[in-house]
1. Quick check: anything in the stretch A:62-75 buried (at least 16 other Cβ atoms within 10 Å of the Cβ) and within 9 Å of chain B (Cβ to nearest Cβ)?
2. Scanning for something on the phi < 0 side of the Ramachandran plot, crowded, with 24+ Cβ neighbours inside 10 Å and among the small types (G, A, S), does the stretch A:244-254 turn up at least one residue?
3. Mind checking which residues of the stretch A:35-61 are within 7 Å of chain B (Cβ to nearest Cβ) and either in contact with a Pro (Cβ under 7 Å, 6 or more places away or on another chain) or assigned to a helix (DSSP H, G or I) (or both)?
4. When both residues are 6+ apart or on different chains and their Cβ atoms are under 6 Å apart, which pairs have a first residue that lies in the stretch A:241-258 and is under 21 Å from A:G80 (Cβ atoms), and a second that is of a type in the set (F, W, Y)?
5. Go through (1) at pLDDT below 95; (2) surrounded by fewer than 21 Cβ atoms within 10 Å (Cβ to Cβ) one by one and return the number of the condition A:Y48 breaks.
6. Scan the helices (runs of 4 or more DSSP H) fully inside the stretch B:144-213 and keep the ones with 1 or more residues being exposed (fewer than 15 other Cβ atoms within 10 Å of the Cβ).
7. Need a quick list: helices (runs of 4 or more DSSP H) entirely within the stretch A:132-207 having at least 1 residues that are over 13 Å from A:A297 (Cβ atoms) and in contact (Cβ under 8 Å) with a residue 12 or more places away in the chain.
Amino acid sequence: MEFEWIRIPWALLTLFIVFNFGLLMNATIQKIAARVGRRHGIPVWQNYVDLIKNYSIRTSITHGVMFYLGPVFRLSGGVGLLMFVPVIYGSEMFSNFSFTGDLILALYFVFFGTLGMALGAGESGHPYSAIGITRGLAQMTASELPFALAVFAVALQYQTLSITDIVAAQQGGILNWTVFTNPLAVAAAMLAFLGSMMRPPFDVAMAPQEVPIGPPTEYHSSFLALMQTNRALFPVAKMTVYVSLFFGGAASWPVFFLKVFLLYMWSAFVGVVFPRFRVEQSIRWFLIWAVPLGVLAIVTV
Amino acid sequence: MKEELIKRVVKTPDGQEIEINPMEDYFCQAGPTVQPPAYTAIIEKLFNWARSESLWILGYGTGCGAIEMRPLMTPRFDAYRYGIQWRPTPRQANLLVISGYLSVKTLKRVIRSYEQMQGPKFVVGLGSCTINGGMYWDSYNTIKRLDDFLPVDVYIAGCMPRPEALLAGFEELKKIIRAGKGEGANTYAENFEWYKANQKRVIKDWDMPDYSW
């Protein structure tokens, strides 16, 4: 296949749109969570200001090479995931660098950032970082299991590893979406989704009230800003995978924005209603409720 | 000084005699340096605006005044509206609120926390105790003037000042930062010897490096 250079600027445009959408959506979700607590919450543009502030800090302390690379890995996890997933179905411009086996790559990239973060935070030498990373990785592994099972069930169902083909197979009406054709797999994946969004009840690794504040304890200035950038990109990139696999993909930006927002609201709703799990509770929860659903999805597909 | 921090000679398992000086071996000895605004004026203005609109407070209550910060996080006063947030680690915070009286024991931790924050950083003295000792003016173990130990940007008078007073103080601090006068970190670096001498005068058991990176 011949490579077209025009795809690079298009991919950068996707990145730009998703970055801004992610920042605004994160702030909106924070505002919604604040309203549940009867507060007004932050202004919608607050995340931009925080980002500029952190990039403008004049000094920074390093703890070694991996400390530098941690946020870089984290960001490349988010950017990489976004780059290899077709964001808008049927659009030449916004299908990015998707290819026939991109589902496997996406599955890998979802985990990539966390691993990079583990190395970086480990080198910072702060005990809270080490505790946070241990908890985070344990919980991530438990929540990744039902997600992987669900993805394999969907791949088996459509007999393909290409996200574009999976979206294509769901076209032609809402009843063709995976959520209706394979509800077990989607149920498992949606439970796993809660675990990967870093919101309560599964935010014990990052919550400021627990180990303050877990992996990024030592990260500051532009290191932290890189991670904040990823915080805008990565959830949207991950939800792009979810929308494509389970909810019929998106054929235009407004549909994409709506579906991603509603998907995010699922974790926000659960987050404001339920209190925080300890890490062994959340692992047990995933193994008892989510993994059997995933196994069932694989068996019955 | 604690025993484990004293310079000593130890014998290694293979019979060598080596000298261990924990303060120099474990900690960086370099002092702070003045960090100039490195960009053109318009960018520095943008940065100053961003710094003023994104005040991250270190969640560290030094005295009874910390109780006035809690209502700011809750619905009635909700400081998040003004871009004020709390961070649990000094690395990410850029505003240190000295909330009330400061005992000598706490001063030590305050200095370490302040030095670990990354510049530009700001200090707000909350309550009369930080101005002149307040009701602890003749206490044997609290400091009287916070300004002798850390460069303070804004004082909020009162005993205790209400949360509204805090919000007003933060708004005042925002004006100072936007005007480009929030250079406490540089003041600290410029007058480092003076601040250290003052700190060491009251802290008798000084067992930490001169500057905690």
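The values are calculated or read from the model by the stated rules, or taken from the named source; none is laboratory data. Since this is a predicted model, take the numbers as computed values, not measurements. All Cβ positions, even for glycine, are placed from backbone atoms using ideal geometry, and neighbour counts span all protein chains on display.
1. No, the stretch A:62-75 contains no residue that is buried (at least 16 other Cβ atoms within 10 Å of the Cβ) and within 9 Å of chain B (Cβ to nearest Cβ).
2. The answer is yes, given that some residue of the stretch A:244-254 is on the phi < 0 side of the Ramachandran plot, crowded, with 24+ Cβ neighbours inside 10 Å and among the small types (G, A, S).
3. Passing the criteria: A:G37, A:R38, A:R39, A:Q46, A:V49, A:D50, A:I52, A:K53, A:R58.
4. Every condition considered, the pairs that remain are A:G249/A:Y89; A:A250/A:F256.
5. Every listed condition holds for A:Y48 apart from (1).
6. Once the helices (runs of 4 or more DSSP H) in the stretch B:144-213 are filtered for at least 1 residues that are exposed (fewer than 15 other Cβ atoms within 10 Å of the Cβ), what remains is B:163-178, B:192-202.
7. By residue number, A:163-169, A:183-196.
Yes/no matrix, rows are residues, columns are (1) modelled with pLDDT under 90; (2) surrounded by fewer than 24 Cβ atoms within 10 Å (Cβ to Cβ); (3) closer than 23 Å to A:L145 by Cα; (4) polar (S, T, N, Q):
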site: A:L184; (1), (2), (3), (4): no, yes, yes, no
site: A:M190; (1), (2), (3), (4): no, yes, yes, no
site: A:P200; (1), (2), (3), (4): yes, yes, yes, no
site: A:P212; (1), (2), (3), (4): yes, yes, no, no
site: A:A225; (1), (2), (3), (4): no, yes, no, no
